[in-house]
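Encoded as structure tokens, the structure appears first; notes follow it.
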Amino acid sequence: MYERSGSLTVRNSKSGESRVVPLAVNVRYHLNRYLDTRTDCKDSLFISNERKRISVRTVQHMLSKYNTHHMHYDTPSLDN
């Protein structure tokens with residue numbers, strides 16, 4: 001995630017290519033809070049309790065609990 005520009009890189013999207021996705025300030029704030037709690041070095045942004053990458057569908061399901069707009073999400077990875 002690029003903190004200054006407010007974006008993160010999605011790797012291995014459906015098209016097989018990487019792309020940069022802009023993020024709103026409040027999204028960056030909450031992602032950084034989440035990342036501060038992580039003690040691993042995994043590239044995947046969302047991981048399970050077993051420290052394994054979770055599926056796109058699982059991310060969609062988790063976001064639906066927070067009443068987010070229904071969208072297609074590629075699984076994002078952090079860009080250091």
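The values are calculated or read from the model by the stated rules, or taken from the named source; none is laboratory data. This one's a predicted model, so the numbers in the text were calculated from it and none came from an experiment. The protein model used for the area step is the full one, side chains on, heavy atoms only, and it has no ligands, DNA or RNA in it. Shrake-Rupley method; radii C 1.70, N 1.55, O 1.52, S 1.80 Å.
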Discussion item. Going residue by residue through the stretch 17-28, is there one that turns out to be open to solvent by 60 Å² or more (accessible area, probe 1.4 Å) and small (G, A, S)?
Written reply: yes
Worksheet, complete the sentence: Subset of the stretch 10-57, residues in a loop (DSSP other than H, G, I, E, B), modelled with pLDDT under 85 and small (G, A, S), comes to S13, S15, G16
